[in-house]
Amino acid sequence: MTIELSESFKAYDVRGIVGETITADTVRATGAAFVDALELAGSTVLVGGDMRPSSPEFMTAFAEGATARGADVVKIGLISTDELYFACGVMNAAGVTFTASHNPAAYNGMKMSKAGAVPVSSETGLYDIRDRAQDYLANGIPAVEAVGTVTERDVLKDYAEFLRGLVDLSGIRPLKVVVDAGNGMGGKTTPAVLGDTVLPGLPLEIVPLYFELDGTFPNHPANPLEPENLVDLQKAVVEHGADIGLAFDGDADRCFVIDDNGDPVTPSAIAALVAEREIARAQADGEQEPVVIYNLITSNAVPELVEARGGRPVKTRVGHSFIKAVMASEGGVFGGEHSAHYYFRDFFNADTGMLAAMHVLAALGEQDQPLSQLMDSYSPYVASGEINSEIEDKAAAVDRVRAAYADQDVIVEDSDGTTFTSASEGWWFNLRPSNTEPFLRLNVEAADQASMEGVRDHVLGLIRA
C-alpha cells in the first residue's frame, strides 16, 4: 500500500515515524520531487542529517532521488540543522537535513532550504514537493539523460569559523560552562565552536553532559522545552559551581540557558539580551532604527526593550518559515521566539542556537556580575512557559475558554491560535494547536507569580475539562 505523504508533510517540515510514514522509498521520491519542484536540475543540492539511526539510509535515498532528476548532490554528513542553513547560505545552494528535532527516537524527518537558506514551507513549495513525490511513489521517478553526481564535503570547521567571526569570545573573562547536548548534535558542534577540536581554544571550561551522539536518546529526550529534561543540567551547574548552563535540542538549532543558581532563564529574556546587543551593533554601523522580529507568544519585555533602545519591534506568527520571511522583508537584524529559536540577519536570516549562546557568553564574560543578576532587568514579567495538553477536540477546548472570558474586559485575537489579553490586569495568554504533535499549547504571562498561576490554572481547568 502506498504511504500517504500528507501524514508526514507538515506546515514547516516533514516528520514521520520511521518505517511507517517515512521510509527510504518516500525519501527517494521526495529527493526527486525536491529537484523538480525547485527546478534544481544541473544545480547543487546539499544533503546532511543528524545522529538518528535512520539518517544515513535516508541521506543516501534522498541523494538517489535527487541525482536521478539531474541534480549534483554534495553530502555534508552529520550536521546540526543550523549547519545546513550555514552551508546553504555560504554555498548558495538548496539543501535538506534529516532530523526530527526534539521528537522521540521513533521519528525522523526533513528540514528543507532553498539556496541562501530561504525556508521551504507549505507556502513556499513544500506541498508541491509532497504532491510530486506522491506521484513518483505511485508511478516511478521519470528518467533523465544526464543523472547527477555525488560528492562529499565537511562543513564543520567553516561553520565554527563563521560563528566565531560574528561574536568574539577571545577576550572575555574565564567562564565555566556546562553543556547538555542530550545525545544530539550539540555534542559535535559545541566542541568545534566553543572548544578546541577544530579551532584554537577560548577562555571557556566546557563541562560536557551527554555528548555521545545517540539517536535513541538514552539519558533523556532531547527537548529542553520540557522542564524535566533540564534537571540534570541544573544539578550539574550547581555541583560544578558553573557560571552558566546550555541545553541544546536534538538537532541543536535551539538553545536553552540555565543561570548560576541552576534556574532556567526564559527564552524571551535571552531574546531581549541578544536584541539589545544586535541593535547596538547595527546602530554603531549607522542603522537608524534596527528592526527586531518577535512572535506573538514572546514576552512583552522584548518589544518594550527594543523600543527603549531605539529599535522597531515587529510581531509575527509562530514558526520559523514565517519569521524568516518577515526577517527578509523587514530587513530585521534579529528575531526571537519563546521556543528558543533565534534568528540573525548575519546568519542568512536563519535560526541558530549556537550563535545565541555565544551572545549570552559574550554578555556574561564582558562584565563581572553572575548571570542571575545580569538577567534580572530582562525578565520584568512572569511566564508559565509552554504547557502542552493532549486534547482530542482542540477547537471545543478553545471555545470553552472563549466562553469563560466572553463577559470580561479581555481582548481576543485570532491571528495565530487564540490570544486573550487583559490590559487592566496586566496578563495575556495564547492557545495554539501544534502543527506537528497532538497538543494544544498554552503560554501565559503576567505581572507577578500569583497572577500568572491564577490565569494558568483557570485556563488549564477549562481546556482539560
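The values are calculated or read from the model by the stated rules, or taken from the named source; none is laboratory data. Worth saying up front: this structure is predicted, and the values here are computed from it rather than measured. Reconstructed Cβ throughout: ideal geometry from the backbone, glycine too, with neighbour counts over all protein chains shown. What goes into the accessible areas is simple: the full protein's heavy atoms, side chains included, and nothing from ligands, DNA or RNA. Shrake-Rupley method; radii C 1.70, N 1.55, O 1.52, S 1.80 Å.
Structure data summary
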read-out	value
Breaking point among (1) closer than 22 Å to Glu386 by Cβ; (2) open to solvent by less than 10 Å² (accessible area, probe 1.4 Å); (3) not hydroxyl-bearing (Ser, Thr, Tyr), for Ala282	(1)
Residue satisfying all of: in segment 340-389; surrounded by 24 or more Cβ atoms within 10 Å (Cβ to Cβ) and hydroxyl-bearing (Ser, Thr, Tyr); farthest from the chain's Cα centre (by Cα) among these	Tyr343
Matching residues, segment 402-439, being within 29 Å of the chain's Cα centre (by Cα) and β-branched (Val, Ile, Thr)	Val412, Thr418, Thr419, Thr421, Thr436
Residue check for Glu392: modelled with pLDDT under 90 and either over 25 Å from Asn229 (Cα atoms) or not in a loop (DSSP other than H, G, I, E, B) (or both)	yes
Residue count, segment 396-451 (criterion: of a type in the set (A, V, I, L, M, F, W, C) and not in a helix (DSSP H, G or I))	16
Subset of segment 390-427 that is of a type in the set (S, T, N, Q) and open to solvent by 40 Å² or more (accessible area, probe 1.4 Å) - its residue that is farthest from Leu296 (Cα to Cα)	Gln408
Enumeration of residues in segment 144-159 that are of a type in the set (Asp, Glu) and open to solvent by less than 80 Å² (accessible area, probe 1.4 Å)	Asp158
Flag for Tyr210 being aromatic (Phe, Trp, Tyr), within 30 Å of Ala282 (Cβ to Cβ) and at pLDDT 95 or above	no
Test: residue in segment 176-194 that is surrounded by fewer than 18 Cβ atoms within 10 Å (Cβ to Cβ) and closer than 17 Å to Ala357 by Cβ	yes
Subset of segment 129-143 (residues that are open to solvent by less than 50 Å² (accessible area, probe 1.4 Å) and more than 31 Å from the chain's Cα centre (by Cα))	Gly140
Filter result for the condition that a residue is farther than 17 Å from Met375 by Cβ, open to solvent by 10 Å² or more (accessible area, probe 1.4 Å) and under 19 Å from the mean Cα position of the chain (by Cα), over Phe217, Phe211	Phe217
Residue selected from segment 443-455 under the condition crowded, with 18+ Cβ neighbours inside 10 Å and at pLDDT 95 or above, by the criterion nearest to Phe9 (Cα to Cα)	Val444
Residue check, Thr60 closer than 23 Å to Ala143 by Cα, open to solvent by 10 Å² or more (accessible area, probe 1.4 Å) and not in a strand (DSSP E or B)	yes
Within segment 390-401, considering residues that are touching a residue at least 40 places away in the same chain (Cβ under 8 Å) and within 27 Å of the chain's Cα centre (by Cα), the one nearest to Asp260 (Cα to Cα)	Glu390
Residue match in segment 431-439 (condition: free of Cβ contacts under 8 Å to residues at least 24 places away in the same chain and of a type in the set (A, V, I, L, M, F, W, C))	no
Residue within segment 310-324 that is touching a helix residue (DSSP H, G or I) at 6+ places or on another chain (Cβ under 7 Å), surrounded by 24 or more Cβ atoms within 10 Å (Cβ to Cβ) and closer than 27 Å to Leu169 by Cα present	yes
Filter pass, Asp251 being at pLDDT 95 or above and surrounded by fewer than 24 Cβ atoms within 10 Å (Cβ to Cβ)	no
Test result for Ala66, more than 25 Å from Tyr343 (Cα to Cα) and not in a helix (DSSP H, G or I)	no
Residue within segment 404-411 that is over 27 Å from Arg15 (Cβ atoms) and in contact (Cβ under 8 Å) with a residue 40 or more places away in the chain present	yes
Residue list for segment 10-37, restricted to those being among the hydrophobic types (A, V, I, L, M, F, W, C) and open to solvent by less than 40 Å² (accessible area, probe 1.4 Å)	Ala11, Val14, Ile22, Ala24, Val27, Ala29, Ala32, Ala33, Phe34, Val35, Ala37
Scope segment 128-167; condition hydroxyl-bearing (Ser, Thr, Tyr) and either without any contact (Cβ under 8 Å) to a residue 24 or more places away in the chain or out of contact with any helix residue (DSSP H, G or I) (no Cβ under 9 Å at 6 or more places or on another chain) (or both); matching residues	Thr151
Filter result (open to solvent by less than 10 Å² (accessible area, probe 1.4 Å), among the hydroxyl-bearing types (Ser, Thr, Tyr) and over 15 Å from Val18 (Cα atoms)) within segment 80-128	Ser80, Thr81, Tyr85, Thr97, Ser113, Ser121
Residues of segment 296-309 satisfying the condition of being surrounded by fewer than 24 Cβ atoms within 10 Å (Cβ to Cβ) and either in contact with a His (Cβ under 8 Å, 6 or more places away or on another chain) or small (Gly, Ala, Ser) (or both)	Ala301, Ala308
Residues within segment 312-326 that are at pLDDT 90 or above, in contact with an Asp or Glu (Cβ under 6 Å, 6 or more places away or on another chain) and β-branched (Val, Ile, Thr), tallied	1
